[in-house]
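Notes follow once the structure below has been shown.
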Amino acid sequence: MAGTRSSEQELAELVAIPSVSGDPAHRGDMERAARWLAGRLAFANGRVAETNGHPVVLGELHASRDAPTILVYGHYDVQPAGDESAWETPPFAPAVRDGRLYGRGATDDKGPVVVALETARAFAEAPPLNVRFLLEGEEEIGSPSLPAFLEAHRDELAADLVVSADGAMWRAGEPSIAVAAKGLVALDLVVTGPSADLHSGRHGGAVHNPNHALAAIVAGLHDTDGSIAVDGFYDDVVAVELPPIAFDEESYRAETGVSELHGEPGFTTLERLWTRPTLEVNELRGGGAYTVIPHEARAHITCRLVHDQSPERVVAAIERHVVAPPGVAVRVELRPGAVPAYAIDQQHPAVRAAQQALRTVYPEQEPVLVRIGGTLPAAVLFERILGVKTLLFSFSTADENLHAPNEFFRLARLEEGVAAWSELWRLLSGDRAV
């Protein structure tokens, strides 16, 4: 029986399933992870529902018709493991070391999802409010199937508030609630030159190498001081004043392993991380380690957006900025899944309830309201389609190697998380304003 296993064992079982949503080879693993979750939600009518892509898992607990209703959100898909030689232990063979469970997806988002499941199990017989569950399998690829699913299941998923297990506290020793997340738009810059790959000995110096052209174009996206050189990129950016928050820039520099911090001038590192948009070159690809002038060279670029920035306007600005040098052509290919930034008012009743819940678990520390540089597409979709705000209440922590080798989840967070989620549910059940 599932209830006889510890939360740690449950998490290890789930992390062992390589539910990599972006790899078609793992389609069966995606279905296996969804069935696993539905089985653990059997006490709440847990079930797998098909979408246009990977399945979602639904469930519900009923308190009373007059009680508030929350929709619990999380995701079971994970990023690829990347270079497995960089892992101390295999990414899908969960290992416990020093109070931490290591494995791909341990903290993003399987650990926090187990927290939500264990909270629901504790309230299975007498929930303080009505609870609906939506656990998706495409968050890591931009939630492409979620909009249509929400549209088709509006009534089934109607709620007063979404409580998300996804997100992250920003520091391990400081309880926090994220009240804003950046938006995201991804695109490829594609430079084409000769009609086919050419021998660099026979043709070098006579044709424009797409790699050279792409390097120049990419270099022109930023000024040397770190600011973005794309005209119009900052047009819709609204200044945000942060409250006093302790942040040691030297410690952050050491943590990242760089010799010097770098970025848009005139702002602190924390302001750049939380309140300023970014344009990052994630990959450069063309040719190979042999004597070739490639037909094509590509750069993958992602932009993290802040409140009031439109993904469409940002892409248009980049398209205007990118100009092909003689002898090659350049085009911008927009990737699916663009999403604007998300924010919830700091005075929202759900935020106040979350602060109180964290005070109950961490009585010596005042919860901090923070912003995160990551993107949560589902929060934007819930507001747009279901008309409800999302409270980001995750027990992941930003230093737990999300999307990187040796991802881990602090096992103490399982008990702490269930205690805080339980208190949150009690508080929300008495607040009809949510």
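The values are calculated or read from the model by the stated rules, or taken from the named source; none is laboratory data. Computed from a prediction, not measured in an experiment: that's the story for all the values here. Virtual Cβ from ideal backbone geometry, glycine too; neighbours counted across all protein chains shown. Accessible surface areas use protein heavy atoms only, side chains included; no ligands, DNA or RNA. Shrake-Rupley method; radii C 1.70, N 1.55, O 1.52, S 1.80 Å.
If you place +1 on the Cβ of every Lys and Arg and -1 on the Cβ of every Asp and Glu, how big does the dipole about the Cα centre of the chain come out, in debye to the nearest 20?
Its charge dipole is roughly 680 debye.
Helix 412-429 sits at what angle to the longest principal axis of the chain, using alpha carbons and giving 0 to 90 degrees rounded to 10?
70
Using heavy-atom solvent-accessible surface (probe 1.4 Å) with all chains present, what is the largest-first order of K389, K182?
K389, K182
Would you tell me the accessible area of S6, worked out with a 1.4 angstrom probe on the heavy atoms of the protein chains, in Å² to the nearest 10?
Spelled out: S6, probe radius 1.4 Å, area about 50 Å².
Which percent, to the nearest 5, of DSSP beta bridges fully inside the chain are antiparallel?
Given both bridge residues lie in the chain, the antiparallel proportion sits at roughly 70 percent.
Kirkwood Rh over Cα pairs of region 1-124 into Stokes-Einstein at 10 °C, 1.306 mPa s: D in µm²/s? Write out the running numbers ahead of the final one.
On the way: Rh = 15.4 Å.
Rounded to a whole number, D works out at 103 µm²/s.
Just how far, in whole angstrom, is region 153-193 from region 206-251 if you go by their alpha carbon centroids?
So the separation of the two Cα centres works out to 22 Å.
For region 288-434, what is the Kirkwood estimate of the hydrodynamic radius, computed as the reciprocal of the mean inverse distance between distinct Cα atoms, to one decimal in Å? All intermediate terms of the calculation are to be shown ahead of the outcome.
Numbers: mean 1/r = 0.0514 Å⁻¹.
Roughly 19.5 Å, rounded to one decimal.
Give me the percent relative contact order of the chain, please, defined on Cα pairs under 8 angstrom at least 6 residues apart.
26
Probe of 1.4 angstrom, ligands and nucleic acids ignored: what's the accessible area per residue over the chain, in square angstrom?
44
Name the residues whose placed amide hydrogens come within less than 5 Å of the amide hydrogen of L184, ignoring near sequence neighbours (fewer than 5 apart) on the same chain.
Hits under the 5 Å cutoff: L305, V339.
Show the residues, 5+ positions off or on another chain, whose built amide H is closer than 5 Å to the amide H of V20.
Hits under the 5 Å cutoff: V78.
Express the relative contact order of region 1-146 as a whole percentage, based on alpha carbon pairs under 8 Å and six or more residues apart in sequence.
Result for region 1-146 is 33 percent.
Roughly how far apart, in whole Å, are the Cα centres of region 77-120 and region 374-434?
If you average the Cα positions of each part, the centres end up 17 Å apart.
Helix-only estimate, please: 222 nm mean residue ellipticity of the chain, summing -39500 (n - 2.57) across DSSP H runs of length 4 or more and dividing by its residues, to the nearest 500.
Theoretical 222 nm ellipticity from helices: -8000 deg cm²/dmol.
Can you sort W36, W421 by solvent-accessible area, 1.4 Å probe, largest first?
W36, W421
Taking θ as phi - 60°, what are the ³J(HN,Hα) couplings along region 375-388 by the Karplus curve (6.51, -1.76, 1.60), each to the nearest whole Hz, with x for Gly and Pro?
Karplus-based 3J(HN,Hα) across region 375-388 equals 10, 10, x, 4, 4, 5, 5, 4, 5, 6, 9, 9, x, 10 Hz.
Using all C-alpha to C-alpha distances in region 169-317, build P(r) with 5 Å bins and read off the rounded percent in each one.
So the P(r) values, bin by bin, are 2, 8, 14, 16, 15, 13, 11, 8, 6, 4, 2, 1, 0.
From Cα pairs below 8 angstrom and at least 6 apart in sequence, can you work out the relative contact order of region 340-416, rounded to a whole percent?
Relative contact order, region 340-416: 26 percent.
Suppose every Lys and Arg Cβ carries +1 and every Asp and Glu Cβ carries -1, with no other charges. What dipole size does region 279-434 come out with about its Cα centre, to the nearest 20 debye?
Dipole of region 279-434, to the nearest 20 debye: 380 debye.
Which ³J(HN,Hα) values in Hz, rounded to whole numbers, follow from the phi angles of region 191-208 under the Karplus curve 6.51 cos²θ - 1.76 cosθ + 1.60, where θ = phi - 60° and Gly and Pro get x?
Values, residue by residue: 10, 10, x, x, 6, 8, 4, 10, 5, 6, x, 6, 10, x, x, 10, 10, 7 Hz.
Carbon-plus-sulfur fraction of the accessible area of the chain, 1.4 Å probe, in percent?
Here it works out to 49 percent.
Please list, in order along region 352-369, the HN-Hα scalar couplings obtained from phi with the Karplus expression 6.51 cos²θ - 1.76 cosθ + 1.60 (θ = phi - 60°), rounded to whole Hz, x for Gly and Pro.
These are the phi-based 3J(HN,Hα) values: 5, 5, 5, 4, 5, 4, 5, 4, 5, 7, 10, x, 8, 10, 7, x, 9, 8 Hz.
Of D155, D188, which has the most accessible area with a 1.4 Å probe, and how do the rest follow in descending order?
These residues rank, largest area first, as D155, D188.
With semi-axes √(5λ) of the Cα gyration tensor in Å in mind, check [x] 40, 24, 21; [y] 54, 27, 20; [z] 37, 22, 20 and report the label derived from this structure.
The value computed from this structure is option [x].
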